[in-house]
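Undergrad: Quick one: this structure, given as structure tokens, is what I'll be asking you about.
The values are calculated or read from the model by the stated rules, or taken from the named source; none is laboratory data. Bear in mind that the values here come from a model prediction, so they are computed numbers and not experimental data. Counting neighbours? That spans all protein chains shown, and the Cβs are built from the backbone with ideal geometry, glycine included. Surface areas here come from the heavy atoms of the whole protein model, side chains and all, with no ligands, DNA or RNA. Shrake-Rupley method; radii C 1.70, N 1.55, O 1.52, S 1.80 Å.
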Amino acid sequence: MSEKPKTLRTHVDEGVFVIALSRAAEYNTITPELRDELGAAIDAGDAASDANVILLRAEGPAFCAGYGLDWSTAAQSTERAATQRRVWDSVSDLRMMGRFVETYMKLWYAKKPTSAAAQGWCIGGSTDLVLCADLIVAAEGASFGYPPSRVWGTPTTAMWVYRMGLEQAKRYLLTGDEIPARKAAEIGVILEAVPDEALQDHALALAKRMARVPTSQLVMLKLLCNQTAENMGLASSRMLGTLFDGIARHTQEGLDFVTHAQAKGFRRAVRERDDPFGDYGSRPKQPGRRPKESK
């Protein structure tokens, strides 16, 4: 008998296979355990005979605040100490990150439609995950973005251009700026933003509406839409994004970030990275200097 998942819960609700991330106290940050349990849950949902749609949601104030920097910076520091006399092993790194990417892409390659309901933080590695879902509904108070583009990362699943177009992807990746939910809906990062208190009911209702359509129709229509992105080179973009993520973590700036995080704590390292931009919870140095959000 398989062990009960520790990072998530699942159930079926009127044709919808619901996966709920359940590490609320840790803001559902990504760990190897969550990766493995999420992959198994998506596979189970895709195979479930009583469900036509998969819905990914999360408990607590945040959908997912990205990778758990405590374990990931520690892992890189340990790797660096163990290989001081060797060059960085890019193939090993690609294999390691590839395991996370393969899990995220299960949302994309699942035969059945996948949807996501996001609240609070949905940033960094969390966007690598959530942007693989077919449809994303967010609470108006949610925020998206990829702050590791400032140092220590690139989007591994490379979904940005395919979801929002070239100019908008460059606008937000070249700055790492925070994207409020309403703006995210405006530029195509997500489908729509709804009042915070209505998020879960609204996302579930949409999933149930899709679940009324026969499975065979849903499978064909999803594949028809997704194949367009595949024909545009999604697979090669994803490989480049995953490889570049490893390189970004091993530039001098990336190594300095890890060293600083180990010495001062990852929260302080992240805060000092983002403070000059005045976003992701950092306070501007001067009152009134924070860029205004576009409506």
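Undergrad: What full-extension length gain, to one decimal in nm, is calculated for GLU3 and LYS208 as 0.36 nm per residue of separation minus the Cα-Cα distance?
TA: Extra length from GLU3 to LYS208 when fully extended: 70.9 nm.
Undergrad: Once you have the Cα-Cα distance between SER90 and ASP43, take 0.36 nm times their residue separation minus that, and quote the gain in nm to one decimal.
TA: 14.0 nm
Undergrad: Subtracting the Cα-Cα distance from 0.36 nm times the residue separation, let me have the gained length for LYS170 to GLU186 in nm, one decimal.
TA: Residue separation times 0.36 nm, minus the Cα-Cα distance, leaves 4.2 nm.
Undergrad: Place the peptides 91-99, 266-274, 15-23, 106-114 in order of packing, highest mean first, counting for every residue the other Cβ atoms within 10 Å and averaging per peptide.
TA: Going from most to least packed, we get 15-23, 106-114, 266-274, 91-99.
Undergrad: Among the listed pairs LYS170/LYS264; LYS106/LYS222; LYS112/LYS208, give every one whose C-alpha distance is greater than 21 Å.
TA: LYS170/LYS264
Undergrad: Which order do peptides 137-145, 188-196, 34-42 fall in by mean Cβ count within 10 Å, highest first?
TA: 137-145, 34-42, 188-196
Undergrad: While we're here: Convert each backbone phi in region 49-62 into a coupling constant with the Karplus relation 6.51 cos²θ - 1.76 cosθ + 1.60 (shift: θ = phi - 60°), then list the ³J(HN,Hα) values in order as whole Hz, x for Gly and Pro.
TA: Computed from phi, the couplings for region 49-62 are 6, 9, 9, 9, 9, 10, 10, 9, 9, 9, 8, x, x, 10 Hz.
Undergrad: Looking only at the chain, where both bridge partners belong to it, what percent of the DSSP beta bridges are antiparallel (to the nearest 5)?
TA: Close to 30 percent.
Undergrad: Over the chain, average the accessible area per residue using a 1.4 Å probe and give it in Å², no decimals.
TA: Normalised by residue count, the accessible surface of the chain is 50 Å².
Undergrad: Rounded, prolate or oblate for region 87-227? Axes are the square roots of the Cα gyration tensor eigenvalues, ordered a ≥ b ≥ c, and the cut-off for rounded is a/c under 1.5.
TA: Values: a/c = 2.01, a/b = 1.26, b/c = 1.59.
In terms of gyration-tensor shape, oblate.
Undergrad: I've got another one for you. Across region 257-268, in residue order, what do the Karplus-derived ³J(HN,Hα) couplings come to in whole Hz, using 6.51 cos²θ - 1.76 cosθ + 1.60 with θ = phi - 60° and x for Gly and Pro?
TA: Once rounded to whole Hz, the list reads 4, 5, 4, 5, 5, 5, 7, 10, x, 5, 5, 5.
Undergrad: To the nearest 0.05, how large is the calculated FRET efficiency for ASP256 and GLU230 if R₀ is 51 Å and r is the Cβ-Cβ distance?
TA: The calculated FRET efficiency here is 0.85.
Undergrad: Moving to a separate point now. With the full set of protein chains in place, find how many percent of the accessible area of the chain is carbon and sulfur; take the probe as 1.4 Å.
TA: That share works out to 55 percent.
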